1. Output ³J(HN,Hα) for segment 103-116: one whole-Hz value per residue in order, computed from phi by the Karplus curve 6.51 cos²θ - 1.76 cosθ + 1.60 with θ = phi - 60°, and x for Gly and Pro.
2. What number, rounded to the nearest 500 deg cm²/dmol, is the helix-based mean residue ellipticity at 222 nm of the chain, given -39500 (n - 2.57) per DSSP H run of at least four residues and division by all its residues?
3. Could you give me the ³J(HN,Hα) list for segment 164-180, computed from phi with Karplus coefficients 6.51, -1.76, 1.60 and θ = phi - 60°, whole Hz, x at Gly and Pro?
4. Let me check something: with ligands and nucleic acids excluded, how do THR39, THR24 order by accessible area (1.4 Å probe), largest to smallest?
5. Work out from phi, with θ = phi - 60° and the Karplus expression 6.51 cos²θ - 1.76 cosθ + 1.60, the ³J(HN,Hα) of each residue of segment 74-80, listed in order in whole Hz, and give x for Gly and Pro.
6. How much accessible surface does VAL86 have with a 1.4 Å probe, in Å² rounded to 10?
7. Can you grab the distance from the C-alpha centre of segment 1-28 to the C-alpha centre of segment 149-169, Å, no decimals?
8. For the chain, calculate the relative contact order in percent as a whole number, restricting contacts to Cα pairs under 8 Å that are 6 or more residues apart.
Amino acid sequence: TFDAERLGQDYVLEVRRLLMMHLTQLSMRAQGRSARGSTFLRFVGDLTALRQWLSQGLAKLSVAGVMVPGILLILASMSLLLAGVVVTILALAALLARSIGGSLEDAVRASRRRRSQLAANINEKLTHMAVVQVSGRGRRERNRLFAQSERLVEAMLARARVVGTLRGLAQLTAALASAG
């Protein structure tokens, strides 16, 4: 766990350094085209997700990458039929997971876009709150923020639905392989 966390932290540190170097070399025009909220989320939210994947997901994937073939070899030495049943179940589950993976990618992209829009709006309003208050646009901005928040909730729930489906598939696969 410690080594996996160290790997994740070191990697994110390097990516953050590279992002900052890239950002400081961009022209003012290029910087103006990208929303501040989007840039902020890259430094904080996206890198946190990357660190978690490296320190938690990659570690589990590494262990599974060694255990599954090892268990299959032991099974094959005991019974080729049994190993064949388990390999068939794992292959079918992998194909199904791959087909679901495209919708996960779309859902993640949509949730990141919505989060970025919300963060950019909040950043802008916090920076210019005096103008919002003086111009009497508080209600309008609250409504805009509420609408953006609702769209983010919808996007995050769509993402959670796909992730839940994939986790359920993994549990079903484990149960079927055990039953097989």
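The values are calculated or read from the model by the stated rules, or taken from the named source; none is laboratory data. Quantities reported herein were computed from a predicted structural model and do not represent experimental measurements. Here the Cβ is made from the backbone with ideal geometry for all residues, glycine too, and neighbour counts use every protein chain on show. Quick note on the areas: whole protein, heavy atoms, side chains included, nothing else; ligands and nucleic acids left out. Shrake-Rupley method; radii C 1.70, N 1.55, O 1.52, S 1.80 Å.
1. Those phi angles translate into 6, 5, 4, 5, 5, 5, 4, 5, 5, 5, 4, 5, 5, 5 Hz.
2. -30500 deg cm²/dmol
3. Along segment 164-180, the couplings run x, 4, 5, 5, x, 4, 5, 5, 5, 4, 4, 5, 5, 5, 5, 5, x Hz.
4. Ranked list, largest accessible area first: THR24, THR39.
5. Values, residue by residue: 5, 4, 5, 5, 7, 7, 5 Hz.
6. Counting only protein heavy atoms, VAL86 exposes about 10 Å² to solvent.
7. One Cα centre to the other: 27 Å.
8. Numbers: 110 pairs, mean separation 53.0, N = 180.
Worked out over the chain, it gives 29 percent.
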